1. Starting from the Cα of residue 17, step 7 Å along the direction of its Cβ; do the same at residue 33; then give the gap between the two resulting points in nm.
2. Classify the chain: rounded, prolate or oblate, from the alpha-carbon gyration tensor (a ≥ b ≥ c, eigenvalue square roots; a/c under 1.5 rounded; otherwise prolate if a/b is larger than b/c)?
3. Before I look further, what does the stretch 48-93 give for accessible area per residue, probe 1.4 Å, in whole square angstrom?
4. Using bins 5 angstrom wide from zero, how does P(r) for the stretch 35-82 break down, in % of all Cα pairs?
5. In nm, what is the difference between 0.36 nm times the number of residues separating residue 76 and residue 94 and their Cα-Cα distance?
6. Per the 1.4 Å probe, what fraction of the accessible area of the chain, in percent, lies on carbon and sulfur atoms?
Amino acid sequence: MQDIKQQGDAPATDNEALRKRMKSLFKRYPDITASERDEIVRYLRTAPVLDIGLLKSDESLRYRIAAFEQANARALGSSPSEIAILIAIFAIVAAICVALWDMGV
């Protein structure tokens, strides 16, 4: 029973450890290495929104995070292929809605 509980707590602990790591990197920003910059970019692109929000709610980090996002806007933005995929999904959904409307469903 304890094994199951410990396994269930592991993801939360990992997220917390990663959030603490990002917090320490943002405290040192802009004095970070290129690999650390890439690590932050990867985190901001893939982390749960709640974790990013928790980081941004820290008053001591808010302006450093904003400065990082402004300096790395291109790396944090969506790629053309991601935008194309979203447009294709939207077009397919719109076509299905129009077809259903025409069928009277």
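1. Taking the simple label geometry, residue 17 and residue 33 are separated by 2.0 nm.
2. It is oblate, given that a/c is not under 1.5 and a/b is not larger than b/c.
3. 73
4. P(r) over the stretch 35-82, rounded to whole percents: 5, 20, 27, 30, 13, 3, 1, 0.
5. Contour length minus Cα-Cα distance gives 3.6 nm.
6. 63
The values are calculated or read from the model by the stated rules, or taken from the named source; none is laboratory data. If you're wondering where the values come from, they're calculated on a predicted model, not measured in any experiment. Because the Cβ atoms are built from the backbone with ideal geometry, glycine has one as well, and the counts that use them run over all protein chains shown. All accessible areas refer to the heavy atoms of the entire protein, side chains included, with ligands and DNA or RNA removed. Shrake-Rupley method; radii C 1.70, N 1.55, O 1.52, S 1.80 Å.
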